[in-house]
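Participant: So that we are looking at the same thing, I have put the structure below in structure tokens.
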Number of protein chains: 2
Amino acid sequence: MSPASTALLTDKYELTMLAAALRDGAAHRRTTFEVFARRLPDGRRYGVVAGTGRFVETLAQFRFDDAAISALADFLDEETLAYLAGYEFRGDIDGYAEGELYFPGSPVLSVHGTFAECVVLETLALSIFNHDTAIASAAARMVGAAEGRPLIEMGSRRTHEQAAVAAARAAYLAGFSGSSNLEAQRRHGVPALGTAAHAFTLVHTTADGPDEKAAFRAQVDALGVGTTLLVDTYDISAGLANAVEIAGPDLGAVRIDSGDLGVMARQTREQLDRLGADKTKIVVSGDLDEYAIAALRAEPVDAYGVGTSVVTGSGAPTASMVYKLVEVDGIPVEKRSSRKESHGGRKQALRLCKSTGTMVEEVVHPHGRAPELPDARPLTESFVRDGEVVGDLSLDAARKRVADGLTSLPWDGLKLSRGEPAIPTRIIPPGR
Amino acid sequence: MSPASTALLTDKYELTMLAAALRDGAAHRRTTFEVFARRLPDGRRYGVVAGTGRFVETLAQFRFDDAAISALADFLDEETLAYLAGYEFRGDIDGYAEGELYFPGSPVLSVHGTFAECVVLETLALSIFNHDTAIASAAARMVGAAEGRPLIEMGSRRTHEQAAVAAARAAYLAGFSGSSNLEAQRRHGVPALGTAAHAFTLVHTTADGPDEKAAFRAQVDALGVGTTLLVDTYDISAGLANAVEIAGPDLGAVRIDSGDLGVMARQTREQLDRLGADKTKIVVSGDLDEYAIAALRAEPVDAYGVGTSVVTGSGAPTASMVYKLVEVDGIPVEKRSSRKESHGGRKQALRLCKSTGTMVEEVVHPHGRAPELPDARPLTESFVRDGEVVGDLSLDAARKRVADGLTSLPWDGLKLSRGEPAIPTRIIPPGR
């Protein structure tokens, strides 16, 4: 199978359902599936939609080639295998633009087509949205906490090697300046950053003991004085003295990866200034999350390196989004139809804002029946029409949406403490 | 670039270090890098090593082809690019066999070779070990909690689409019976399981309302009476009656995905028995973790479907393993050499056990200098020699190791509550 094929990144039951539905004809009914989150992660006040661009891109590779078909032949009948061999999504997809904020019940993605062509996309759609949205939502909180100081994503080593690439993209989307991950640069254009680890200083050890200066000299020779030297392998104060001695006062930056980062940053700033390196920047890293970043606001920190917490969603590694069948041949459907509040039916959404731009309410309404509301911005956009990609899926546009979203949250929405969603969601039922 | 190449799944700083080290010759020094965890996730009593097989397999694809080289040309010099173009790991790798239990400080993987050939593997090695080990360690707790009842991994949708494949493998390694993920079956031989979702019942809705029987009929026609019917889309009691009416008393199984699963399982068992379907099995799913699984031990549950909690490591989504340079040209090295307890130097490990097989202590000792201890089992095995794969990397062998490990833990080690590592680790320093 082509390594780029995404067709088998799928739960078996999608294909057994397909087989059964092809047999009784239900496969050809017109359906709408919707991606949404019933709730935000515990205590979060907003989420950031991410994954739309990657999902739409992977659709083109969602093809069952010969190798994929032969992997399925032991449990699927000939008719189903023939359907899959010719599979190509020819329906419509719309939803929230990537980078929009979302709230509980927001119809983040809507997939329209036959039951057969929509049902098989469930696993891939959810994998991408649940992962990327979890990372972007955590990253946006860190961006808010950093108040304009740059953040570097360096958590590739703490997550699956391919998830790392998507995590770098999601963090960049949310406002990080770049990532350590080289494949994220190649695949998504995320600026790659980084200079050296402790291993580089340690490898300059000789029988006479450590030789930090030799390591710094080698790094400056290779990367120039604008590089970032890691100064905490042995003693930070001695490391700073060595760094400025080797690189001179035009040294680009130093990185501190251990100790009480606030105290260390202050002492480092003083020492650098004393040594005449008053333009040398200070990068801190080491177990930073949004709370630690916020706690360093008053310190002379120029940039943050963030690893584990951002790639694991800072306590919420998945966004709990679901992919639900909400409409069949125009009939709204849902599990347990006895419940009062209806979530069935194809939907769109608007966002109400004050004249200042501050958001007030999310309004989810039946498709094509937008209520007349002043200062309401339509949130639902088209991404795919009859199988063809339409609309702006650029990462730059998504970055701008996150930045705009964060400035339009009510003040309480930016609080890091646990709370309710920043705005309420009103769901207008289909009203059959 | 070949989509299968893993070379750019790497942090930029590995390659800037390489460039600087090639320039001053440090690149050619003989080094040992070690993968280990300073601690277990909060309150965990043991961990399960996973990722060894995947890491050794991906080494073969760790090649910088023309496309990769051109992606790096903007920040690397000619000499470094030429080195990478010819890169192939020719060193040695040893460590704990996949599926072994590990504890804080256990030298899980040891990579030996020149600084240049070892340093560039850091990110890929850690990504694989931190992810796979986190999943396997959580999964093993669930296997222990299930006390022999089968577990099915169905969390693909809650994690990155490629992480999902590795998560299915790691859960299977730890003792799960199979996974929903089709690619995990194709790539790793993990049995794929699953039959239908609520969408399949819902798509049989007509203008007259829901028609659960039509859905069940279609499924039984396509998949046979041995299938598993999902009975909680509307009313469970009515769903069970419909299921047995359509499939007859030989129905394979029913799945319940909502409600208080203990109460539901008991009522379901009673109703099935009353309907003559006393051999029909009961599968439960829906937000299960190791605690919920343990709480269902007394209930008539035949299998558990586990999603979010297993693929996110049940609260510990990463194993916090590090890849540290510990030896250079035979000299033990470490960050902050002033610390008392030395972790420098190439290491191996033994495990002390009682004559009953119960493990007592982990002993980490300098390479080639095993202390003489009765009832000690060597833990360090060879995986790669001079770049060639050696040793048994099969998933079946790893599954057996986990099962053996769980039975050899001291009783306290299987407790789900938070505690200390089940056995202590003694580290014998290099003693230069």
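The values are calculated or read from the model by the stated rules, or taken from the named source; none is laboratory data. Small disclaimer: the values here were computed from a predicted structure and weren't measured. Using ideal geometry, Cβ is built from the backbone for each residue, glycine included, and neighbour counts are taken over all protein chains shown.
Participant: State all residues of the range A:245-272 that are hydroxyl-bearing (S, T, Y) and surrounded by fewer than 21 Cβ atoms within 10 Å (Cβ to Cβ); if no residue qualifies, say none.
Facilitator: Scanning the range A:245-272 gives a single hit, A:S258.
Participant: Whether any residue in the range A:240-260 is modelled with pLDDT under 95 and not charged (D, E, K, R) is what I want to check.
Facilitator: Within the range A:240-260, one or more residues are modelled with pLDDT under 95 and not charged (D, E, K, R).
Participant: Answer with yes or no whether A:G345 is surrounded by 15 or more Cβ atoms within 10 Å (Cβ to Cβ), on the phi > 0 side of the Ramachandran plot and not in a helix (DSSP H, G or I).
Facilitator: Spelling it out, A:G345 is indeed surrounded by 15 or more Cβ atoms within 10 Å (Cβ to Cβ), on the phi > 0 side of the Ramachandran plot and not in a helix (DSSP H, G or I).
Participant: Oh, and also: Which numbered condition in (1) surrounded by 23 or more Cβ atoms within 10 Å (Cβ to Cβ); (2) within 12 Å of chain A (Cβ to nearest Cβ); (3) out of contact with any Ser or Thr (no Cβ under 7 Å at 6 or more places or on another chain) is the only one that B:G53 fails?
Facilitator: It is condition (2) that B:G53 fails.
Participant: Then there's this: Search the range B:220-234 for residues being farther than 27 Å from B:Y172 by Cα and part of a helix (DSSP H, G or I), and hand back the single one that is nearest to the other protein chains (Cβ to nearest Cβ).
Facilitator: Checked the range B:220-234; the qualifying residue nearest to the other protein chains (Cβ to nearest Cβ) is B:A222.
Participant: If you don't mind, there's one more thing I want to ask. Given the options A:T6, A:T31, name the one that is assigned to a strand (DSSP E or B), within 10 Å of chain B (Cβ to nearest Cβ) and touching a helix residue (DSSP H, G or I) at 6+ places or on another chain (Cβ under 9 Å).
Facilitator: When all the criteria are applied, what remains is A:T31.
Participant: Against the definition (within 20 Å of A:R169 (Cβ to Cβ), acidic (D, E), assigned by TED's automatic domain parsing to the domain that holds A:V364 and assigned to a helix (DSSP H, G or I)), how does A:E57 come out, yes or no?
Facilitator: So A:E57 passes the test.
Participant: Right, another one. I'm checking my understanding of the structure. Among residues of the range B:179-194 that are in contact with a strand residue (DSSP E or B) (Cβ under 6 Å, 6 or more places away or on another chain) and either small (G, A, S) or at the interface with chain A (Cβ under 10 Å from one of its Cβ atoms) (or both), which one is farthest from B:F55 (Cα to Cα)?
Facilitator: Top of the filtered list is B:G194.
Participant: Looking only at the range A:149-178, how many residues end up being under 23 Å from A:F129 (Cβ atoms), touching a residue at least 40 places away in the same chain (Cβ under 8 Å) and within 7 Å of chain B (Cβ to nearest Cβ)?
Facilitator: 6
Participant: From the list A:Y304, A:Y323, which residue is touching a strand residue (DSSP E or B) at 6+ places or on another chain (Cβ under 8 Å), facing chain B (nearest Cβ under 10 Å) and among the aromatic types (F, W, Y)?
Facilitator: After ruling out the rest, the residue left standing is A:Y323.
Participant: Restricting attention to the range B:238-297, report how many residues are farther than 29 Å from B:K415 by Cβ and of a type in the set (V, I, T).
Facilitator: 5
Participant: What are the residues in the range A:299-322 that are crowded, with 24+ Cβ neighbours inside 10 Å and over 29 Å from A:R269 (Cα atoms), if any?
Facilitator: Hits for the range A:299-322 are A:V311, A:T312, A:G313, A:P317, A:T318, A:A319, A:M321.
Participant: Between a residue in the range B:382-394 that is at positive phi and outside the structural domain of B:A170 (by TED's automatic domain parsing) and any residue that is in a strand (DSSP E or B) and of a type outside the set (A, V, I, L, M, F, W, C), which pairs come within a Cβ distance under 6 Å, given they are 6 or more apart or on different chains?
Facilitator: B:G391/B:E381; B:G391/B:S382
Participant: Are any of the residues in the range B:37-49 out of contact with any Phe, Trp or Tyr (no Cβ under 6 Å at 6 or more places or on another chain), at the interface with chain A (Cβ under 9 Å from one of its Cβ atoms) and outside any loop (DSSP other than H, G, I, E, B)?
Facilitator: If we filter the range B:37-49 for residues that are out of contact with any Phe, Trp or Tyr (no Cβ under 6 Å at 6 or more places or on another chain), which is where we start, we get B:37-46, B:48.
Within this subset, residues satisfying the condition of being at the interface with chain A (Cβ under 9 Å from one of its Cβ atoms) are none.
Checked the range B:37-49: no residue is out of contact with any Phe, Trp or Tyr (no Cβ under 6 Å at 6 or more places or on another chain), at the interface with chain A (Cβ under 9 Å from one of its Cβ atoms) and outside any loop (DSSP other than H, G, I, E, B).
Participant: Looking only at the range A:82-105, decide whether some residue is among the charged types (D, E, K, R) and within 9 Å of chain B (Cβ to nearest Cβ).
Facilitator: Of the residues in the range A:82-105, the ones among the charged types (D, E, K, R) are A:88, A:90, A:92, A:94, A:98, A:100.
Still in the running and within 9 Å of chain B (Cβ to nearest Cβ): none.
The answer is no, given that none of the residues of the range A:82-105 is among the charged types (D, E, K, R) and within 9 Å of chain B (Cβ to nearest Cβ).
Participant: Just to be sure, is B:A138 under 24 Å from A:L126 (Cβ atoms) and either of a type in the set (V, I, T) or touching a helix residue (DSSP H, G or I) at 6+ places or on another chain (Cβ under 7 Å) (or both)? Can you show your working first?
Facilitator: On the way: under 24 Å from A:L126 (Cβ atoms): yes; either of a type in the set (V, I, T) or touching a helix residue (DSSP H, G or I) at 6+ places or on another chain (Cβ under 7 Å) (or both): yes.
Here the answer is yes, as B:A138 does meet what is asked.
Participant: Determine whether A:R217 is assigned to a helix (DSSP H, G or I) and at the interface with chain B (Cβ under 7 Å from one of its Cβ atoms).
Facilitator: No: the conditions fail for A:R217.
Participant: Something else about it: Given B:F62, B:F89, B:F33, which one is touching a residue at least 60 places away in the same chain (Cβ under 8 Å), aromatic (F, W, Y) and in contact with a Lys or Arg (Cβ under 9 Å, 6 or more places away or on another chain)? Full working, then the answer.
Facilitator: Numbers: B:F62 fails: in contact with a Lys or Arg (Cβ under 9 Å, 6 or more places away or on another chain); B:F89 fails: in contact with a Lys or Arg (Cβ under 9 Å, 6 or more places away or on another chain).
Going through B:F62, B:F89, B:F33 in turn, the sole match is B:F33.
Participant: Give all pairs with beta carbons closer than 9 Å in which a residue from the range B:232-248 that is closer than 20 Å to B:V263 by Cβ meets a residue that is among the small types (G, A, S) and assigned to a helix (DSSP H, G or I); count only pairs at least 6 apart in sequence or on separate chains.
Facilitator: So the pair list comes out as B:D232/B:G239; B:T233/B:A215; B:T233/B:G239.
Participant: Okay, moving on. Kindly list, by first and then second residue, each pair from a residue in the range B:416-428 that is of a type in the set (D, E) to a residue that is part of a loop (DSSP other than H, G, I, E, B), limited to pairs with Cβ atoms under 8 Å and residues at least 6 apart or on different chains.
Facilitator: B:E420/B:R45
Participant: A further question on this structure: Just one of the numbered conditions (1) buried (at least 18 other Cβ atoms within 10 Å of the Cβ); (2) away from every other protein chain (no Cβ under 14 Å) is not true of A:L275; which one?
Facilitator: If we test A:L275 against (1) buried (at least 18 other Cβ atoms within 10 Å of the Cβ); (2) away from every other protein chain (no Cβ under 14 Å), just (1) comes out false.
Participant: Cβ-Cβ distance below 8 Å, separation of 6 or more or different chains: which pairs start in the range B:197-213 with a residue that is more than 8 Å from chain A (Cβ to nearest Cβ) and end on one that is among the β-branched types (V, I, T) and surrounded by 23 or more Cβ atoms within 10 Å (Cβ to Cβ)?
Facilitator: So the pair list comes out as B:T201/B:T233; B:D211/B:T205; B:E212/B:T201; B:E212/B:T233.
Participant: Can you tell me which residue in the range B:86-103 is surrounded by the most Cβ atoms within 10 Å (Cβ to Cβ), limited to those that are aromatic (F, W, Y) and either in a loop (DSSP other than H, G, I, E, B) or in contact with a Pro (Cβ under 7 Å, 6 or more places away or on another chain) (or both)?
Facilitator: B:F103
Participant: Can you tell me which residue in the range A:355-369 is nearest to A:H112 (Cα to Cα), limited to those that are surrounded by fewer than 17 Cβ atoms within 10 Å (Cβ to Cβ) and touching a strand residue (DSSP E or B) at 6+ places or on another chain (Cβ under 6 Å)?
Facilitator: A:E361
Participant: Can you tell me which condition A:S137 does not meet? The list is (1) crowded, with 24+ Cβ neighbours inside 10 Å; (2) in contact with a His (Cβ under 9 Å, 6 or more places away or on another chain), and all the others hold.
Facilitator: Result: A:S137 passes all but (2).
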